[in-house]
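Undergrad: Before we start, here is the structure in question, set down as structure tokens.
The values are calculated or read from the model by the stated rules, or taken from the named source; none is laboratory data. A quick note: this is a predicted structure, and the numbers were derived from the prediction, not measured. Virtual Cβ from ideal backbone geometry, glycine too; neighbours counted across all protein chains shown. Accessible surface is based on the protein model in full, side chains and every heavy atom, while ligands, DNA and RNA are left aside. Shrake-Rupley method; radii C 1.70, N 1.55, O 1.52, S 1.80 Å.
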Amino acid sequence: MHPTPLSSRRGLLAACAGFALAPSTLLAAAPSVQGYKVVNTYPHDPNAFTQGLFFHDGFLYESTGLRGRSSIRRVELATGRVVQAVELPAEFFGEGITMWGDRLIGITWQEQTAFVLDLKTFKLWRKFSYAGEGWGITHDGRELIMSDGTAELRFLDPQTFKELRRVRVTAGGRPVELLNELEWVEGEVYANVWQTDRIARINPKTGNVTGWIDLSGLLPQRSGADDVLNGIAYDAKARRLFVTGKLWPKLFEIQLTKPR
């Protein structure tokens, strides 16, 4: 997510006024809060409105948003150089991406359309439709997991793309709204919470938030209201965790500190 121009975003936030994710409430509701240590810093395209991110075979795969600027890219980690890219049609607002086998799956915000591409060539393989909005997507090795900006995670069959079930995400008994970019990390779903500097660690079976990752201060100098934290990628082989944000000039490899 997303809404642009700024007035649209403010309208959404106003509609959600008093919701359970004010920063003080996040901390109060969390069973634990983890900080971070920056291990490495890499260049990142400051014009990339980052929506989705994952790591595979030494490269980052990234989706960008905004109508007329949405793309799916393969990016060189060390340099931030885009080595391969495909643009979405101008009417589509790109959102999260994930991979399944030799396919890359990218969803869109309000167009109710997902693109399935060949992972190597980025050639379009097929499309599929879903109801409502699309924000983030990942998978657990068995099912696709999708967010739509609400407190629910959708689980989809990766072959038919039919919705199988939903799980409601809560922290301290309260719904966690505005779940955004998703990443599967060692049995948990990590989810950016839009317009915050926090990542929720979610039990995929119960929907319970098992802890928060507080990334405050990671990029203190920001150019505007749109350049929020968004983008989580995990290198499972080397156990490396990468994070970035929309329009950020840097991508960070971080280590999590002990919960407090």
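Undergrad: Looking at (1) at pLDDT below 95; (2) open to solvent by 10 Å² or more (accessible area, probe 1.4 Å), can you tell me which one Trp100 breaks?
TA: (1)
Undergrad: Looking only at segment 133-142, how many residues end up being part of a loop (DSSP other than H, G, I, E, B) and open to solvent by less than 30 Å² (accessible area, probe 1.4 Å)?
TA: Taking segment 133-142 and keeping what is part of a loop (DSSP other than H, G, I, E, B), we get 133-136, 140-142.
Narrowing the set further to residues that are open to solvent by less than 30 Å² (accessible area, probe 1.4 Å) leaves 134-136, 140.
Number of matching residues: 4.
Undergrad: Still on this structure, I have one more. Pick out, from segment 35-82, the strands (runs of 3 or more DSSP E) lying fully within it that include 2 or more residues that are open to solvent by less than 30 Å² (accessible area, probe 1.4 Å) and either in contact (Cβ under 8 Å) with a residue 40 or more places away in the chain or over 14 Å from Trp248 (Cα atoms) (or both).
TA: On the way: elements: 36-43, 50-56, 59-64, 71-76.
It comes to 50-56, 59-64, 71-76.
Undergrad: Still on this structure: Are any residues in segment 173-216 of a type in the set (D, E, K, R) and either touching a residue at least 60 places away in the same chain (Cβ under 8 Å) or open to solvent by less than 60 Å² (accessible area, probe 1.4 Å) (or both), and if so, which ones?
TA: Arg174, Glu177, Glu181, Glu183, Glu188, Asp197, Arg198, Arg201, Asp214
Undergrad: Which members of segment 135-165 meet the condition of being closer than 22 Å to Val75 by Cβ and modelled with pLDDT under 95? Don't jump to the end; show me each part of the working.
TA: Step one: list which residues in segment 135-165 are closer than 22 Å to Val75 by Cβ, which gives 135-139.
Answer for segment 135-165, where residues must be closer than 22 Å to Val75 by Cβ and modelled with pLDDT under 95: there is none.
Undergrad: While we're here: Among the residues in segment 239-257, are any open to solvent by 60 Å² or more (accessible area, probe 1.4 Å), part of a loop (DSSP other than H, G, I, E, B) and at pLDDT 95 or above?
TA: yes
Undergrad: Looking at segment 217-238 only, could you name the residues that are open to solvent by 10 Å² or more (accessible area, probe 1.4 Å), modelled with pLDDT of 90 or more and either in a strand (DSSP E or B) or of a type in the set (Gly, Ala, Ser) (or both)?
TA: Answer for segment 217-238, where residues must be open to solvent by 10 Å² or more (accessible area, probe 1.4 Å), modelled with pLDDT of 90 or more and either in a strand (DSSP E or B) or of a type in the set (Gly, Ala, Ser) (or both): Gly217, Tyr234, Asp235, Ala236, Ala238.
Undergrad: Same structure again: Are there any pairs with C-beta distances below 8 angstrom linking a residue in segment 118-139 that is farther than 16 Å from Gln51 by Cβ to a residue that is of a type in the set (Asp, Glu) and assigned to a loop (DSSP other than H, G, I, E, B), with the two at least 6 apart or on different chains, and if so which?
TA: From residues that are farther than 16 Å from Gln51 by Cβ, the pairs are Asp118/Asp102; Leu119/Asp102; Lys120/Asp102; Gly132/Asp148.
Undergrad: While we're looking at this one, here's another question. Just give me the residues in segment 167-216 being part of a strand (DSSP E or B) and of a type in the set (Phe, Trp, Tyr), in sequence order.
TA: Kept after step one, since they are part of a strand (DSSP E or B), are these residues of segment 167-216: 167-168, 170-171, 174-175, 179-185, 188-193, 198-202, 208-214.
Across segment 167-216, the qualifying residues are Trp184, Tyr190, Trp212.
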